[in-house]
Amino acid sequence: MNNLNLYNTLEKKISVFNPIDKNDVRMYACGPTVYDFIHIGNARPLVVFDVLVRLLRKMYPKVTYVRNITDIDDKINKRATEKKIKISELTKETIKNFHNDCKSLGNLYPDFEPRATDHINEIIEMIEILISKGFAYVSSGNVLFSVEKYKKYGLLSGRSLKDMISGSRVDVAEYKDKPGDFILWKPSTEDLPGWNSPWGRGRPGWHIECSAMSKKYLGEQFDIHAGGLDLIFPHHENEIAQSCCANDSEVMANFWLHNGYVTSEGEKMSKSLGNFTTINELLFQFNGEAIRYALLQAHYRAPLSFSKKSLEEAKKSLSRLYRAVDGFEVNGNPDKELIINLCDDINTPKALARAHYLTDQANKGSKECAQKLKNSSKILGVLSQSTERWFKFEKKDNQNQSLEIALTEKEIDELILKRQIAKENKDYTNADQIREQLLKLDIILEDKPDKTIWRKS
């Protein structure tokens, strides 16, 4: 077996990955806060760490992959208020959209996808432990973690507590003993989601959610924790602090992996800056597989410059690969050299370069190389459809022309109208059934303020 080498943010170096249990590799990745469509920056960790999971499953007999959903958050509450809908409606719809986007990108479904609101008991239990051990305190209905009590605080980010407190993401409030202390539990007003607790009706802070859920599904110590670079501080730093203190452990996860930013015109892509492009928007112009390929063209730790041009280039590259594997099916092991490249800290650019080398050889008549390429496609999560279907999609200019389905456009429009009528009559069961019916045909609906539009996943 090849050694898997990964850059560990905790150690600030590349190290050989040795799982705690070779018969069950355990990995946790931070998922979305469900208040809006995911953008191309959000999609990068989804795709990159999906490749890692695929690689791990090739190397080990079992991989337990957990990716959470944050469905309780101030951003969610605010967005629901803006849209004048129930919070539960917003989260339900956003989760559906998220799953549709993941499917379009070719991502595997995690083994567990826990939601914060389903794990309030576990969260409360962990907070109680932290209070009992003197690492947390109650103030004005809030429960806060005392960062000065955890002597290793700052080890992941490599910054001093003073430097971190001076950062803009630290909330200074009167109820805190120290400015760097962070929220574990906070009060809820009657108009917001809340649960009964020993400290009154309230809701959890963001960081404690991941600590409680990762412990439930992966144990007190597990192999890999993954997420975006922007999560190192404060989210992952706080996760480590509260988990290690609650569990009396030295380590939460052995390896911490973080992907680089996606940039737009040299600036980090983010919702706060308003310079983002959602996956949903892109899917009206590009096949999800092309988006996936574009996200793999740069090393995951390096910045990725996003542009429509890069997606056009990704389409051309994929077309070239599809031509090479036309008529071939996966029937064996992936190319050894391509696997070696991925084992080098998930070096997808090198792996894609190897894929194109195999394509060159296939074009010269090597059936062996064509077969190796097809066998390797599953690891990368590409070449998942028939060559014929790929080129049918690529020849079309818009979503209405690209459909390869059992319903006509007129029939789809009629079903959408029936769904709208059902919603107006508050017959939500029938409305949901129509949506699910269309979803089974890979038709995804998006409700706009004035109409409903549809596309092929």
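Entry note, the chain: relative contact order of 17 percent, from Cα contacts under 8 Å with a spacing of 6+ residues. Note on the stretch 1-148: Cα-only Rg and Dmax are 18.6, 55 Å.
Mind checking the stretch 55-123 for trypsin sites (Lys or Arg not before Pro) that DSSP puts in a loop (not H, G, I, E or B) and that have at most 14 other Cβ atoms within 10 Å? Provide the component values of the computation, followed by the final result.
Numbers: sites: ARG57, LYS58, LYS62, ARG67, LYS75, LYS78, ARG79, LYS83, LYS84, LYS86, LYS92, LYS96, LYS103, ARG115; in loops: LYS62, LYS84, LYS86.
Of the trypsin sites (Lys or Arg not before Pro), the ones in loops of the stretch 55-123 whose Cβ has at most 14 other Cβ atoms within 10 Å are LYS62, LYS84, LYS86.
Can you compute the equivalent ellipsoid semi-axes for the chain, i.e. the square root of 5 times each eigenvalue of the Cα gyration tensor, sorted largest first and rounded to whole Å?
Details: eigenvalues 297, 184, 66 Å².
Whole-Å semi-axes of the equivalent ellipsoid: 39, 30, 18.
For the stretch 5-259, a/c is not less than 1.5, where a ≥ b ≥ c are the root eigenvalues of the C-alpha gyration tensor, and a/b does not top b/c. That puts it in the oblate class. Principal-axis analysis of the Cα atoms of the chain puts helix 428-440 at an angle of about 50° to the longest axis. Computed 3J(HN,Hα) for the stretch 329-342, one whole-Hz value per residue from the Karplus formula 6.51 cos²θ - 1.76 cosθ + 1.60 where θ = phi - 60°, is 10, 5, 9, x, 7, x, 4, 4, 5, 5, 5, 4, 4, 5, glycine and proline marked x. Under the combined filter of DSSP loop state and at most 11 neighbouring Cβ atoms within 10 Å, the stretch 171-232 retains these GluC sites (Glu not before Pro): GLU174, GLU190.
What number, rounded to the nearest 500 deg cm²/dmol, is the helix-based mean residue ellipticity at 222 nm of the chain, given -39500 (n - 2.57) per DSSP H run of at least four residues and division by all its residues? Present the calculation step by step, with values, prior to reporting the outcome.
Numbers: 16 runs with 194 residues, N = 457.
Computed mean residue ellipticity for the chain: -13000 deg cm²/dmol.
Compared with the dominant Cα axis of the chain, that is its longest principal axis, helix 367-380 is turned about 30°.
Where the convex hull is taken over the Cα atoms of the stretch 409-456, what is its projected area averaged over directions, in nm²?
Mean projected area of the Cα convex hull: 3.1 nm².
Scanning residues 5 or more positions from GLY260 or on other chains, those with amide H under 5 Å from its amide H are ARG301, ALA302, with H placed 1.01 Å from N in the peptide plane. Take the Cα of LEU155, step 7 Å toward its Cβ, do the same at GLU424, and the gap between the two points is 6.2 nm. Considering all different alpha carbon pairs of the stretch 292-389, the Kirkwood hydrodynamic radius works out to 13.6 Å. Relative to the longest principal axis of the Cα atoms of the chain, the long axis of helix 40-59 lies at roughly 80 degrees.
So how do LEU295, LEU108, LEU318, LEU130 line up by other beta-carbon neighbours within 10 Å, fewest first?
Working: LEU295 28, LEU108 14, LEU318 20, LEU130 24.
The fewest-first ordering by Cβ neighbours comes to LEU108, LEU318, LEU130, LEU295.
Between the stretch 360-379 and the stretch 196-261, the C-alpha centres lie 42 angstrom from each other.
Here, each number is a calculation from the coordinates, and none is a lab measurement. Bear in mind that the values here come from a model prediction, so they are computed numbers and not experimental data. Glycine also receives a Cβ, built like all others from the backbone with ideal geometry; neighbour counts cover every protein chain displayed.
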